[in-house]
1. Consider Gly168 against the criteria (1) buried (at least 16 other Cβ atoms within 10 Å of the Cβ); (2) within 18 Å of the chain's Cα centre (by Cα): it satisfies all of them except one. Which criterion is unmet?
2. Note down all Cβ pairs under 9 Å where the first residue falls in region 280-302 and is without any contact (Cβ under 8 Å) to a residue 40 or more places away in the chain and over 10 Å from Leu313 (Cβ atoms), the second is of a type in the set (Ser, Thr, Tyr) and outside any loop (DSSP other than H, G, I, E, B), and they're at least six residues apart or on different chains.
3. Could you list, in sequence order, the residues of region 78-116 that are on the phi > 0 side of the Ramachandran plot and either surrounded by 16 or more Cβ atoms within 10 Å (Cβ to Cβ) or free of Cβ contacts under 8 Å to residues at least 12 places away in the same chain (or both)?
4. Can you pull out the residues in region 108-135 that are outside any strand (DSSP E or B), among the polar types (S, T, N, Q) and farther than 26 Å from Glu387 by Cβ?
5. Please specify each residue of region 230-241 satisfying the condition of being part of a helix (DSSP H, G or I) and either exposed (fewer than 12 other Cβ atoms within 10 Å of the Cβ) or touching a strand residue (DSSP E or B) at 6+ places or on another chain (Cβ under 6 Å) (or both).
6. Being out of contact with any Phe, Trp or Tyr (no Cβ under 8 Å at 6 or more places or on another chain), closer than 24 Å to Val323 by Cα and modelled with pLDDT of 80 or more, is that true of even one residue in region 230-249?
7. In region 380-400, how many residues are touching a Pro at 6+ places or on another chain (Cβ under 7 Å) and either buried (at least 23 other Cβ atoms within 10 Å of the Cβ) or outside any loop (DSSP other than H, G, I, E, B) (or both)?
8. Can you tell me which residues in region 139-154 are more than 19 Å from Gly410 (Cα to Cα) and outside any strand (DSSP E or B)?
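The values are calculated or read from the model by the stated rules, or taken from the named source; none is laboratory data. As the structure is a computational prediction, the values presented were derived from the model and not from experiment. Neighbour counts are summed over all protein chains in view; Cβ atoms, including those assigned to glycine, are modelled from backbone coordinates with ideal geometry.
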Amino acid sequence: MSSDEQDLRRSAALGAALRTNRRTFLGGGVAGLGALALGSLSPALGSSLAPRSKAKRVIYLFQSGAPSQFETLDPKPGLVDHFGEELPESVRKGQRLTTMTSGQSSFPIAPSRFGATRRGECGALMGDLMTHTGAIADKLCIVRSMVTDAINHDPAITFAQTGSQLAGRPSMGAWLSYGLGSMNEDLPTFVVMVSSSATKQPLYARLWGSGFLPTRHQGVKLRSGEDPVLYLANAPGIDRERRRAMLDDLRRLNGLRDDEDPERDTRVEQYELAFRMQAAVPDLTDISDEPESVLERYGPDVRRPGSFARNCLLARRMAERDVRFVQLFHMGWDHHGNLPKDLTKCVKDTDQPSAALVQDLEERGLLDDTIVVWGGEFGRTVYSQGELTKENYGRDHHPRCFSIWLAGGGFAPGVTHGETCDHSYNVVRDPVSTHDLHATLLHQLGLDHERLTYRFQGRDFRLTDVHGELVRGILA
């Protein structure tokens, strides 16, 4: 056995011992955040009323900035005959506008300048820009009736990630880490990667934070470049053997203390995980073992570190290594003007890799127990923001209806759920709220969203707050 293998086995054994000690502490009924967490989890995980798990992991392809549904998943070809007409008040119904268009004296209808085609045997109508996604239409569950409470980017993205517009709540990945735990010893339970076609809104680390949950549940950002995880590499002059000895000494020192401190235990566990990651992360990010046929499927950008294509491939490699929750943020979808050119760039960067990821997971037998989600924080308006021409237009924020797709994990393939009006301004059938989506995702992972709770500041919190209904119409 090599020295590296001995190190890894020794590290795993130490990690298991630490977890065993923690379980002993929690099981002993000692007061503290850890004991409260365990008590709040027991109904969700130990009850026969908990739903059966269809999936084990999630890959969330979050398109930050809000993709227009008109050019992607909810085309309205009939609007071509109404170019430049005023949006009827009977459609708008006095709904609130952002400050960016509230001062407009006119709200002219802007049809998509791109065509739409029915795709697959299911006949889903999709924008012609999304050729690769259209090719896998029969594998997708498209939801056209999403609604959200927020009308501006930061609260809407925060809401999509945490179930609350207010910053400070745990992200969905943190909730899953807390509720389900890790499936692997050598990589984080929750990993985040960020790419961009154009940076227009900032993404804050709190979007993958743990909020009031123990900090071990927060997401770990994987960066492109020679140092994918900050502060993971050993300092100059410190080799692996010395690092192992330092961690052993640290464990012995902490063992001398009589008091219990969950956050201290978390830090020790993270030191041990970091030691194992020093070997696991380079293996994860080295794609030299991928066949040329796989690289070609993801598109030419897969060879560029930090691209959405490369991140999709890494997400598949993480799924193989049983990372519980992988979040890909792709920035640049905020198209208030110059939409035809800028949206085309976003689709070019993301369409082929997204479809390749679904196909790759399916071929490797991973799609059945992996949920893939694609979507943004809200939709876009049917009327043009600013000047409208046949060649150019923009769209403002619209929270009343937008579209996403899901694949795998027990979601119904080839199904289109919900319906919007002819102007995609209002939902006319089967609305799905952000809380409903969260409740359904948790259900597919074997968690009852009403029972996955954590007591903080005198009340029980959950991802869905006091809302959320299971959307049975999108389940297989």
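1. (1)
2. Listed by first residue and then by second, the contacts come to nothing, as the list is empty.
3. Selection gives Gly94 alone.
4. Result: Thr131, Thr133.
5. If the condition is that a residue be part of a helix (DSSP H, G or I) and either exposed (fewer than 12 other Cβ atoms within 10 Å of the Cβ) or touching a strand residue (DSSP E or B) at 6+ places or on another chain (Cβ under 6 Å) (or both), then Glu241 is the only one that fits.
6. No, region 230-249 has no match at all.
7. 2
8. The answer is Thr148, Asp149, Ala150, Ile151, Asn152, His153, Asp154.
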